[in-house]
Amino acid sequence: MAWDLLREMLAPGAELSNPCVRCGGPHGPVRTTDASARPAVAYASGIAVAAVASPGAGAFAIDVEVEIDTVRDAAGLNGILGDREGVRLQDWVRVEAALKADGRGLRVDPGTVTVDQMRDQGWRAVVPGGPMIAGWDIQGPPGLVISAAFSEASGAVRLDPATS
């Protein structure tokens with residue numbers, strides 16, 4: 001379903017693929033032959049979210065979680081981001097989007113990622129050994145928590161910490 005959603009947003013005839021950069025399997029970031037767009041998909045509890053960003057350098061990624069997940073909610077989120085206490089679902093979604101935009105995903109310990117709220121409603125993430133990541137929380141359908149992230153090379157936003 002996610003790829004059908006993307007096809008509606010891309011140029012007619014655009015091809016999609018998602019090869020893993022490590023093994024070549026079909027579980028990596030979505031790529032397209034449509035040079036006018038950067039696609040991204042995310043899944044949560046049987047729900048697919050698709051988005052497309054304008055062309056540019058750098059990576060674009062999204063992450064989504066359902067607000068209510070009985071298994072996750074029973075376990076809690078403490079410990080999922082290292083020793084941080086009081087972790088909110090939005091914190092986790094931002095970190096996941098940042099790790100996807102970084103390109104290494106969960107090969108990086110999520111607990112090592114720092115996220116700071118910016119004055120313009122956006123957020124900035126630092127992934128150790130990676131580019132600066134800029135992100136925004138996206139209003140989606142009720143019951144979903146969604147964030148979008150761009151790597152520094154994307155030029156989507158000024159990332160100078162002194163001016164953000």
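Scan segment 99-122 and give yes if some residue there is in a loop (DSSP other than H, G, I, E, B), free of Cβ contacts under 8 Å to residues at least 40 places away in the same chain and either crowded, with 20+ Cβ neighbours inside 10 Å or of a type in the set (Ser, Thr, Tyr) (or both), otherwise no.
Yes, segment 99-122 has at least one match.
Taking segment 76-93 only, how many residues are surrounded by fewer than 12 Cβ atoms within 10 Å (Cβ to Cβ) and hydrophobic (A, V, I, L, M, F, W, C)?
0
Test residue 71 against the criterion of being more than 24 Å from residue 22 (Cα to Cα), modelled with pLDDT under 95 and not in a helix (DSSP H, G or I), and give yes or no.
Details: more than 24 Å from residue 22 (Cα to Cα): yes; modelled with pLDDT under 95: yes; not in a helix (DSSP H, G or I): no.
No; evaluated as a whole, the condition is false for this residue.
Return the residues of segment 140-154 that are closer than 23 Å to residue 39 by Cβ and modelled with pLDDT of 50 or more; say none if nothing qualifies. Full working, then the answer.
Here is the first cut: in segment 140-154, the ones closer than 23 Å to residue 39 by Cβ are 140-141, 144-154.
Listed by number, the residues that qualify are 140, 141, 144, 145, 146, 147, 148, 149, 150, 151, 152, 153.
Considering only residues that are in a strand (DSSP E or B) and crowded, with 18+ Cβ neighbours inside 10 Å, which ones fall in segment 45-60? Before the answer, list the steps.
The first filter runs over segment 45-60 and keeps only residues in a strand (DSSP E or B), leaving 47-53, 60.
Answer for segment 45-60, where residues must be in a strand (DSSP E or B) and crowded, with 18+ Cβ neighbours inside 10 Å: 49, 50, 51, 52, 53, 60.
Take residue 104 and tell me if it is among the basic types (Lys, Arg) and either closer than 25 Å to residue 4 by Cβ or at pLDDT below 95 (or both). Before the answer, list the steps.
Working: among the basic types (Lys, Arg): yes; either closer than 25 Å to residue 4 by Cβ or at pLDDT below 95 (or both): yes.
Judged against the criteria, residue 104 is a match.
Go through segment 61-75 and report how many residues are surrounded by fewer than 18 Cβ atoms within 10 Å (Cβ to Cβ) and in contact (Cβ under 8 Å) with a residue 24 or more places away in the chain. Let's see the steps before the verdict.
Of segment 61-75, the ones surrounded by fewer than 18 Cβ atoms within 10 Å (Cβ to Cβ) are 66-75.
Then keep just the ones that are in contact (Cβ under 8 Å) with a residue 24 or more places away in the chain; that gives 66-69.
Residues flagged as surrounded by fewer than 18 Cβ atoms within 10 Å (Cβ to Cβ) and in contact (Cβ under 8 Å) with a residue 24 or more places away in the chain within segment 61-75 amount to 4.
Specify which of the listed residues (84, 94) is part of a helix (DSSP H, G or I), among the charged types (D, E, K, R) and modelled with pLDDT of 85 or more. Steps first, answer last, please.
Details: 84 fails: part of a helix (DSSP H, G or I).
Of 84, 94, the one residue that is part of a helix (DSSP H, G or I), among the charged types (D, E, K, R) and modelled with pLDDT of 85 or more is 94.
Could you list, in sequence order, all residues of segment 1-37 that are touching a residue at least 24 places away in the same chain (Cβ under 8 Å) and open to solvent by less than 50 Å² (accessible area, probe 1.4 Å)? Talk me through it step by step, then tell me what you get.
Step one: of segment 1-37, the residues touching a residue at least 24 places away in the same chain (Cβ under 8 Å) are 1-3, 5-6, 9-11, 21, 29-30, 32, 34, 36-37.
2, 6, 10, 11, 30, 32, 34, 37 - these are the residues of segment 1-37 that are touching a residue at least 24 places away in the same chain (Cβ under 8 Å) and open to solvent by less than 50 Å² (accessible area, probe 1.4 Å).
Does residue 42 satisfy the condition of being within 24 Å of residue 130 (Cα to Cα), open to solvent by less than 20 Å² (accessible area, probe 1.4 Å) and in a helix (DSSP H, G or I)? Can you show your working first?
Numbers: within 24 Å of residue 130 (Cα to Cα): yes; open to solvent by less than 20 Å² (accessible area, probe 1.4 Å): yes; in a helix (DSSP H, G or I): no.
Judged against the criteria, residue 42 is not a match.
Can you tell me which residues in segment 123-146 are open to solvent by 20 Å² or more (accessible area, probe 1.4 Å) and either within 10 Å of the chain's Cα centre (by Cα) or among the acidic types (Asp, Glu) (or both)?
Filtering segment 123-146 down to residues open to solvent by 20 Å² or more (accessible area, probe 1.4 Å) leaves 124, 126, 128-132, 136-144.
Matches in segment 123-146: 136, 137.
The values are calculated or read from the model by the stated rules, or taken from the named source; none is laboratory data. What you see is a predicted model, and the numbers here were worked out from it, not measured in a lab. Reconstructed Cβ throughout: ideal geometry from the backbone, glycine too, with neighbour counts over all protein chains shown. Calculation scope for accessible area: heavy atoms of the full protein, side chains included, ligands and nucleic acids excluded. Shrake-Rupley method; radii C 1.70, N 1.55, O 1.52, S 1.80 Å.
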